[in-house]
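What follows is a single structure, written as structure tokens, with notes after it.
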């Protein structure tokens with residue numbers, strides 16, 4: 001039997017190919033447990049919508065973090081070798097996020113002099129100790145909290161590292177992973 005398949009297309013783009021070994025298309029649809037063309041397109045649109053929403057959220061966080069820089073620029077600003085930068089990330093001394101499959105670094109964790117904000121490492125390590133890292137940590141660091149009305153980044157920028165650490169500790173007390 002010849003190899004056959006059905007291709008779903010939307011706006012000229014191939015969305016999905018399902019091999020069906022020459023079976024009538026009705027049998028293929030039945031094997032999809034009730035997914036007709038409209039349901040399949042809606043399912044793909046929801047995934048696309050979720051992906052787009054995540055990208056918008058990332059862009060908003062990047063703005064709140066004063067942008068992202070690559071590892072070469074981060075190492076240069078900190079005055080360290082790339083190997084040292086990697087160790088700093090592993091040790092929770094600086095935050096990196098995965099953006100377009102590359103490690104990027106939020107600029108806001110640095111002072112204008114190129115040092116990390118005073119108290120930042122303690123806050124980041126507290127978050128990491130309860131399983132919060134990467135984008136989730138960046139979201140927390142950029143979001144205002146009810147107790148202080150400021151984000152942990154704002155607290156750190158105002159030399160209120162004890163308050164920023166208290167915010168991070170609150171996540172632990174709420175039963176985060």
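The values are calculated or read from the model by the stated rules, or taken from the named source; none is laboratory data. A quick note: this is a predicted structure, and the numbers were derived from the prediction, not measured. A quick note on method: Cβ atoms are made from the backbone with ideal geometry, for glycine too, and the neighbour counts reach across all protein chains shown.
Need at least 3 residues that are closer than 15 Å to residue 65 by Cα and at pLDDT below 95 per element, so show me which helices (runs of 4 or more DSSP H) inside region 120-177 make the cut, counting only ones lying wholly within it.
Working: elements: 120-129, 134-142, 152-157, 161-173.
Qualifying helices (runs of 4 or more DSSP H): 134-142.
If we scan region 156-175, do we find a residue that is out of contact with any strand residue (DSSP E or B) (no Cβ under 7 Å at 6 or more places or on another chain) and under 24 Å from residue 55 (Cα atoms)? Give the derivation first.
Within region 156-175, the subset out of contact with any strand residue (DSSP E or B) (no Cβ under 7 Å at 6 or more places or on another chain) is 156-175.
Next, only the ones that are under 24 Å from residue 55 (Cα atoms) stay: none.
The answer is no, given that none of the residues of region 156-175 is out of contact with any strand residue (DSSP E or B) (no Cβ under 7 Å at 6 or more places or on another chain) and under 24 Å from residue 55 (Cα atoms).
Mind listing whichever residues of region 144-171 are within 20 Å of residue 110 (Cβ to Cβ) and under 24 Å from the mean Cα position of the chain (by Cα)?
150, 151, 152, 153, 154, 155, 156, 157, 164, 165, 167, 168
Within region 100-110, can you find the residues that are touching a strand residue (DSSP E or B) at 6+ places or on another chain (Cβ under 8 Å) and surrounded by fewer than 15 Cβ atoms within 10 Å (Cβ to Cβ)?
At the first step, the residues of region 100-110 found to be touching a strand residue (DSSP E or B) at 6+ places or on another chain (Cβ under 8 Å) are 102-107, 109-110.
Selection gives 102 alone.
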